[in-house]
Amino acid sequence: MRGDRQVGVLILGLPPGPSAPKLVQTTRWMRSPVKLMEDCRERYGETFVLRMSRVGELVFVSDPPSVKRLFSADRENRLPEGRTVLLEPVLGRRSLLLLEGDDHLRSRRLMLPPFHGERMRAYEAVMGEAAERELDSWPVGERFALHPRMQAITLEVILRAVFGVEDPARRERLRTLLVRLLDVTSSPTAQVVGLASRRLGRIGPYRRLMRVMEEADGALFEQIAERRADPEVGERDDILSMLVAARFQDGGQMDDAEVRDQLMTLLLAGHETTATALAWAFDLLFRRPDAMERLRAEIAEGHDAYLDAVATETLRVRPVVPSVGRLLTAEAKLGGYELPAGTAVMPSIYLVHTRDDLYDDPYEFRPERFLDGAPDTYSWIPFGGGTRRCLGAAFASFEMKVVLRTILRRAELRPGTDRPEPYGHRNVTLSPRNGTPALLDGRRPRHAAASREDEPAKVAG
C-alpha cells in the first residue's frame, strides 16, 4: 500500500495535503480526480485534506473502520456544501440526494418499495427489450463508441420504467430534452464556469442550463399531471405512478415539485451512472478475453455466478462515483485523526477499492475474486453507505446484469482499440474518456440468441 498508515496514535487537527491555491486544487479535481487522489495518497498517506473553491477543506479517508464509523452516524451528520452547490440547480432542493435529517428519511421510506423484490424484477422485460432494440441499430464492421449506446439503453429504461412514458411522441420529446440537459452539465469546465456564472446572475452557461431546464420541466409536469388524473394510477407499475399514489405516514403526499425533483434524481442517479458502469464493464472484459469467453459460456448455460462477479468487480475497480461526503456535527476519530465538528469528510470510494490490504493486485480486473462470496460491507462501497446509500443500488446492479446478458448472448464484439480506456470526468462520474471504442463483427437473430441449444453463429447486418 502506498503512503503511510496511521495506526494506534490519534493526531489532533486536520491531516496534511497539497499547499496549492484552492482554485488550482479545484481545477485538478474537476479534470482528473483519480490522479489527484492517487498523488495525495502517495505523498501524504491514506488520510489527507484537499482545499476547494466554494467548498473549503475536505478530509479524505479510505480505511474501512473509518468509513463504517462515518456511515453509521448518518442520522447525526449532514451533507457538505459541495453537493448542494453542484447538484441543486439540476435536481432541485427537494431531491433525495440533498434532503437531510427527518425530511430525508421520510422521503426515502416513501420511495424505497419500487426498488426491491419482485416489483423491481418486473422491469426486467423493459431492460432486456431496450438492450435488444439498441443492439439492432449498431453498425457491423465499423468502429463505434459503446458508452453512448449504453446511455441510450439506460435512458429508455428510465423513460419507460421510471417516468412511465407510453406515448412515443412524448417519449421522444423527453429523450431529446433530457439528453440536452445532461450534455449542458456534463463537462468539468461547464461545471466550473456554470458555478461562477451563478454568482453573476443568469448569464452564460447558467442561462443556457436554465432554458433547457424550463423546457424539460414543462414536459415532466405534463407527465405528472397525466398520472394524477389517471383513476387507475394505483394499478400501474412505473415508479412515477407509485410516487403519485404513495402516501407519507401522516397521510400526505409529494406535491408536483417534489415528484419532479425525485424524477430528476432518479434520472441522474440511474441513467448516467449505470450506462457508465456498463461501458467500463465492456472495456475491462475487452482486456481480459478469457473472462469475456467465460462470461459468454456461462450466460449461454444459464448460469449467473460469473455475471454477478463481473458486475461486482467492475464496480470495484472502476467505481462510477469517486467519493461521497459527510459534514461532521460532532468531533470524530477518523483515519488516524481527531477531527473537529464542522469538518467535511469524504470517504473515497476509489481509494477504498484500491487498497492492497483489502484486495490482492487491487488494480487488476479479476472477477474470480468474488466467486467465493460477497465483498465485505465497508470494503466495497460503490453505492455509498449508511442511510444515504444509493436508493437504486439493487435496480442499477440488476439492470447492469440484464443488459450484459442480453448483449453478450447476441453480439460478437471486440475492442476498437488496443489500449485500455483512460478516465474521463462527466457530471459527477468517472467515465471512459473515449467512450469505449468497439467493433461489432456480427449479431445473432433474437430467436437464435434466446435458445441455449444453438451453436454460436455470426449473422451480419
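The values are calculated or read from the model by the stated rules, or taken from the named source; none is laboratory data. These numbers come from a predicted model, not from an experiment. All Cβ positions, glycine included, derive from the backbone under ideal geometry; neighbour counts span all protein chains shown. Note: accessible area is taken over every heavy atom of the protein model, side chains too, but ligands, DNA and RNA are not part of it. Shrake-Rupley method; radii C 1.70, N 1.55, O 1.52, S 1.80 Å.
Per-structure values
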quantity	calculated
Apportionment of accessible area to carbon and sulfur, the stretch 218-281, percent (1.4 Å)	48 percent
Alpha carbon centroid spacing (whole Å) that separates the stretch 86-155 from the stretch 296-315	21 Å
Ranked order, Phe398, Phe163, Phe221 - accessible area, probe 1.4 Å, largest first	Phe221, Phe398, Phe163
Sulfur and carbon atoms: percent of accessible area, the stretch 1-158 [1.4 Å]	50 percent
The stretch 242-318: chymotrypsin sites (Phe, Trp or Tyr not before Pro) in DSSP loop, at most 12 other beta carbons within 10 Å	Phe248
Solvent-accessible area, 1.4 Å probe, carbon plus sulfur percent, for the stretch 305-408	47 percent
The chain: calculated mean residue ellipticity at 222 nm from DSSP helix runs of at least 4, using -39500 (n - 2.57)	-15000 deg cm²/dmol
Trypsin sites (Lys or Arg not before Pro) lying in DSSP loop within the stretch 259-320, provided at most 16 other Cβ fall within 10 Å	Arg287
Surface per residue (accessible, 1.4 Å probe) for the chain, Å²	43 Å²
In Hz, Karplus ³J(HN,Hα) per residue of the stretch 341-350 (6.51, -1.76, 1.60; θ = phi - 60°; x = Gly, Pro)	4, x, 7, 8, 10, 10, x, 8, 4, 4
Packing rank of 176-184, 347-355, where each peptide gets the mean count of other beta carbons within 10 Å, highest leading	347-355, 176-184
Accessible surface ranking that places the most exposed of Asp256, Asp167, Asp102 first, with a 1.4 angstrom probe	Asp102, Asp167, Asp256
HN-Hα J in Hz across the stretch 388-403 - Karplus 6.51, -1.76, 1.60, θ = phi - 60°, x for Gly and Pro	9, 4, 3, 4, x, 4, 5, 4, 5, 4, 5, 4, 4, 6, 4, 5
Whole-number D in µm²/s for the stretch 219-320 (Stokes-Einstein; Kirkwood sum over Cα pairs; 4 °C, 1.567 mPa s)	78 µm²/s
Exposure of Asp376 as accessible area (Å², to 10), given a probe of 1.4 Å and all protein chains	110 Å²
Cut-off of 10 Å, at most 15 other beta carbons, DSSP loop: longest stretch of the chain lacking such GluC sites (Glu not before Pro)	365-452
Area accessible to solvent at Ser323, 1.4 Å probe radius, in Å²	20 Å²
Per-bin percent of Cα-Cα distances, the stretch 49-188 [10 Å]	9, 24, 32, 25, 10, 0
Over the chain - Rg/Rh using Cα atoms and the Kirkwood inverse-distance radius	0.96
